[in-house]
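Trainee: Take this structure first; my questions come after.
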Amino acid sequence: MTPDDLVLTRLGLRFRGRRYPCTIGRGGISACKREGDGATPVGVHRIVGLLYRPDRMARPSDWAVPIRPGDLWSDDPEHEDYNLMVRAPYLHSHEALRRADPLYDLVLITDWNWPQAERGRGSCIFIHRWRRPGYPTAGCIGLRPDHLLQIAGQITFGARLIVRSR
């Protein structure tokens, strides 16, 4: 492990010598992740993207990409764009990346089941802000907004998120 790894522990997410409180999926941690199970998958996942809302914040890092109106994430395991960023109009199941709430104002994207997605294995695992402390995600990792911003400003493309079974 390196100091630049994000390591999920029982006490939070460890990064560069600090522990940040976080939330995980409502399905706990799973070695057998499936679409819709709400679990956070075990494994070593690379950080492959950083998205932000330019109308709500300054660019957090030089490699951050703005979330534009119409940006979506396909979560339809039956479609060829499954687990990829797509644009509206998109008639298949998806999540809006540009939301009315601040949940996805800043998003680190992992390479879970990406770029060649296995259908039904679960769509992308994001690191995004939490709804509130202790409130689970749909499988992603949630952080306090200021902690997420701090990590986003320091993390590098390709850094690792390490999730071990508990």
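Trainee: Hey, can you tell me all the residues within the stretch 46-87 that are open to solvent by less than 70 Å² (accessible area, probe 1.4 Å), of a type outside the set (A, V, I, L, M, F, W, C) and touching a residue at least 60 places away in the same chain (Cβ under 8 Å)?
Mentor: Matches in the stretch 46-87: GLY49, TYR52, PRO60, SER61.
Trainee: Collect the residues in the stretch 23-58 that are out of contact with any Gly (no Cβ under 7 Å at 6 or more places or on another chain) and among the basic types (Lys, Arg), keeping them in residue-number order.
Mentor: ARG53, ARG56, listed by residue number.
Trainee: Follow-up question, since we're still on this one. Only residues that are surrounded by fewer than 15 Cβ atoms within 10 Å (Cβ to Cβ) and in contact (Cβ under 8 Å) with a residue 12 or more places away in the chain: list them for the stretch 10-35, please.
Mentor: Hits for the stretch 10-35 are ARG10, ARG16, GLY17, PRO21, ARG26, GLY28, ALA31.
Trainee: Among the residues of the stretch 9-50, which ones are under 16 Å from HIS128 (Cα atoms), of a type in the set (Lys, Arg) and in a loop (DSSP other than H, G, I, E, B)?
Mentor: If the condition is that a residue be under 16 Å from HIS128 (Cα atoms), of a type in the set (Lys, Arg) and in a loop (DSSP other than H, G, I, E, B), then ARG26 is the only one that fits.
Trainee: Of everything in the stretch 1-38 that's of a type in the set (Asp, Glu) and more than 28 Å from ASP76 (Cβ to Cβ), which residue is modelled with the lowest pLDDT?
Mentor: ASP4
The values are calculated or read from the model by the stated rules, or taken from the named source; none is laboratory data. Just so we're clear, the structure is a prediction, and the values are computed from it rather than from any experiment. Cβ coordinates were reconstructed from backbone atoms using ideal geometry, including for glycine residues, and neighbour counts include every protein chain displayed. Each accessible area value is taken on the protein alone, full model and side chains, heavy atoms only, with ligands, DNA and RNA left out. Shrake-Rupley method; radii C 1.70, N 1.55, O 1.52, S 1.80 Å.
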